[in-house]
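Report on one structure; see the data block that follows.
The values are calculated or read from the model by the stated rules, or taken from the named source; none is laboratory data. Computed from a predicted model, the values in this text were never measured in an experiment. Don't worry about glycine lacking a Cβ; one is built from the backbone with ideal geometry, like all the others, and counts go over all protein chains shown. We work out accessible area using only protein heavy atoms, side chains counted, and drop any ligands, DNA or RNA first. Shrake-Rupley method; radii C 1.70, N 1.55, O 1.52, S 1.80 Å.
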Amino acid sequence: MRFMPHTDSDVASMLETIGARHLDDLIAHVPANLRASATINLERGRSEADVVHEISALADRNTGASGFASFLGAGYYRHYVPAAVRAVIARAEFATSYTPYQAEASQGTTQAIFEFQTLITQLTAMEVANASMYDGASAAAEAVLMARRLMPKRAVVALSRALWPDYRATIRTYLSALKGIEIVEVPFDDVTGATDAAALDRVANDRLLCTVTGYPNAFGVIEPLGAITERTHRAGALAISATAEGIALGLIRAPGELGVDIAVGEGQSFGLPLQYGGPGVGFMAARTAHLRQMPGRLVGQTRDRDGRRAFCLTLNTREQHIRRERATSNICTNHSLCALAATVYLSLMGRSGLRDLAERNVELSHRAAEVLAAAGIQRRFSGPFFNEFALKLANPAAALEAAERKQILAGVPLGDDYPELSDALLVSVTEMNRGDEFTRLAAAIAGGQR
């Protein structure tokens with residue numbers, strides 16, 4: 001549903017242009033009895049998301065297809081995107097934007113990037129944020145490279161095995177050309193699903209460069225990030241957190257409050273719809289002391305010669321701007337349109353709105369877990385979770401097939417990336433799911449296990 005911000009004068013002008021007096025004149029050819037019965041009876045005060053859901057359900061009746069109930073997640077999440085987000089980013093001056101080389105001609109773009117950076121620092125409770133990260137996985141890899149520049153004499157990178165598989169793979173690819181770097185995977189606890197503290201202690205020594213921890217992790221478990229950061233700092237290393245589900249930061253403690261040195265993540269949940277592989281928008285925030293080793297670009301606020309507020313590219317350590325050998329990154333493209341969508345979304349939601357949405361995700365996911373447990377389907381891990389959790393099943397593949405026959409996308413099998421979890425199915429629940437879907441999901445999965 002498009003958001004059309006037409007004022008009364010806009011509507012009057014358009015009607016005058018086409019020679020009509022009222023909007024009703026546009027449908028005067030429709031028989032009066034049909035026009036009288038065409039009203040959609042909706043209660044006042046309904047949210048935009050609820051109205052779209054109900055109208056979409058009516059539209060689905062035209063084709064006879066009710067659509068699939070989806071519980072897919074695994075790093076990309078289905079959230080409602082307000083129509084106003086699309087309306088703003090579709091404006092020509094934004095839709096055609098590219099790298100803002102000339103500040104005097106790019107004030108709108110640079111201000112949008114500045115606001116994005118500000119929102120990310122507020123979300124993460126960090127001191128400074130950059131822009132133009134490709135996605136969460138590459139932002140995590142850039143964070144490790146940044147840690148290497150800050151501590152060049154250290155060599156061990158400790159990746160939690162509960163970190164998203166694509167994040168771990170991307171980090172390995174980025175580091176493959178560097179000599180002397182050792183990547184160690186820290187196992188997860190088989191009961192809680194969180195990073196194994198004892199295993200982390202075994203690598204937390206004077207060779208440790210950094211730790212990278214999912215927050216929440218690949219199983220939806222909320223890691224004890226403060227304790228992991230403390231262990232990392234005792235070894236003199238840097239702590240990096242990676243958040244694939246950005247909405248979680250509206251509720252759980254911010255990485256900066258837990259002592260994290262670099263916080264990265266994926267902003268797809270902030271107003272970017274699910275598409276065929278992207279685009280996404282990575283984010284990165286850090287401490288001011290580490291500012292000059294951040295990749296990408298930073299937009300700053302200043303004053304022009306007349307004292308007016310202005311925005312400019314304050315720090316550009318990309319190879320496009322300085323000598324290649326001095327660059328902190330070879331990021332060469334611009335994700336400012338996606339960052340703009342995230343900025344509009346977060347501005348619309350506000351601090352309390354984002355928290356309310358995060359609480360709604362927690363409420364619905366835990367309700368789904370309870371419905372599944374009542375049907376005899378238990379969680380695989382006991383750790384606290386946000387809006388995603390793993391189920392323990394005798395045959396996940398059979399459960400998926402049974403659910404698909406009932407027009408349900410039941411989740412993502414973890415065995416593909418974690419052979420030790422061949423009995424686990426990852427289920428994601430957001431505000432887009434309805435309560436009746438949980439009962440359908442439980443019945444379908446239970447039927448597939450018989």
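Of the options G193, P384, I240, report the single residue whose Cα projects farthest towards the positive end of the charge dipole of the chain (beta-carbon charges: Lys, Arg +1; Asp, Glu -1). Highest projection toward the positive end goes to I240. Note on the chain: with a GNM built from Cα contacts shorter than 10 Å, the maximum mean-square fluctuation among P31, P279, P216 falls on P31. About its Cα centre, the chain has a charge dipole of approximately 1080 debye under the convention of +1 per Lys or Arg Cβ and -1 per Asp or Glu Cβ, with nothing else charged. Based on the Kirkwood radius over alpha-carbon pairs, what value in µm²/s does the Stokes-Einstein equation return for the translational diffusion coefficient of the range 408-450 at 10 °C and 1.306 mPa s? The diffusion coefficient I find is 138 µm²/s.
Out of every Cα-Cα pair that the range 387-427 contains, those further apart than 13 angstrom amount to 47 percent. Tell me, how many Å apart are the Cα centres for the range 279-316 and for the range 333-385? Using only Cα atoms, the two centres lie 29 Å from each other. With the gyration tensor restricted to C-alpha atoms of the range 339-380, the semi-axes of the equivalent ellipsoid amount to 32, 10, 6 Å, longest first. Bridges between two residues of the chain, per DSSP, are antiparallel at a rate of about 55%. Counting only DSSP H runs of at least 4 residues, each contributing -39500 (n - 2.57), and dividing by the residue count of the chain, the helix-based mean residue ellipticity at 222 nm comes to -11500 deg cm²/dmol. Taking all Cα-Cα distances within the range 91-249, those exceeding 23 Å account for 43%. Residues whose amide H falls under 5 Å from that of T195, counting only those 5 or more places apart or on a different chain, are D189, with hydrogens built in the peptide plane. Loop-located chymotrypsin sites (Phe, Trp or Tyr not before Pro) in the range 262-297 (DSSP state not H, G, I, E or B) with no more than 10 neighbouring Cβ atoms inside 10 Å: Y276. Scoring 288-300, 370-382 by mean Cβ neighbours within 10 Å over their residues and listing the highest first yields 288-300, 370-382.
Normalised by residue count, the range 201-354 yields a Cα convex hull volume of 167 Å³ per residue. Here the calculated FRET efficiency for C312 and R86, from their Cβ-Cβ distance with R0 = 22 Å, stands at 0.15, rounded to the nearest 0.05. Between the amide H of G265 and those of T243, F283, distances stay under 5 Å, these residues lying 5 or more places away or on another chain, with hydrogens modeled in the peptide plane.
Packing-based ranking of 8-20, 175-187, 418-430 yields 418-430, 175-187, 8-20, ordered from highest to lowest mean Cβ neighbour count within 10 Å. When Rg and the Kirkwood radius Rh are both evaluated on Cα atoms of the chain, their ratio Rg/Rh stands at 1.02. For the range 87-127, the average shadow cast by the Cα convex hull is 3.6 nm², which is a quarter of the hull's surface.
If you take the alpha carbon atoms of the range 352-450 and fit the smallest convex hull around them, that volume is 94 Å³ per residue.
Taking 22 Å as the straight-line reach from the Cα of K392, the lysines in range (excluding those fewer than 8 positions away in the same chain) are K406.
Taking trypsin sites (Lys or Arg not before Pro) across the range 5-75, the ones in a DSSP loop with at most 13 further Cβ atoms lying within 10 angstrom of their Cβ are R21, R44, R46.
Evaluated on the range 17-90, the Kirkwood hydrodynamic radius is 16.4 Å, with distances taken between all distinct Cα atoms. A cut-off under 15 angstrom between Cβ atoms defines the neighbours of R367, and their net charge, with Lys, Arg +1 and Asp, Glu -1, is -3.
With semi-axes defined as the square roots of five times the eigenvalues of the C-alpha gyration tensor, the equivalent ellipsoid of the range 21-168 measures 46, 25, 13 Å, largest first.
Checking every one of the trypsin sites (Lys or Arg not before Pro) in the range 127-172 against DSSP loop status and a limit of 14 other Cβ atoms within 10 Å picks out K153. The listed residues L414, L409 rank as L409, L414 when sorted by accessible area, largest first, using a 1.4 Å probe.
Along the positive direction of the dipole of the chain (beta-carbon charges: Lys, Arg +1; Asp, Glu -1; about the Cα centre), which of V81, L337, G411 reaches farthest? Looking along the dipole axis, the top candidate is L337.
Near the amide H of R297, within less than 5 Å, lie the amide hydrogens of A131, all on another chain or at least 5 residues away, with H placed in the peptide plane.
Fraction of C-alpha pairs exceeding 14 angstrom in the range 192-262: 54 percent, rounded to a whole number.
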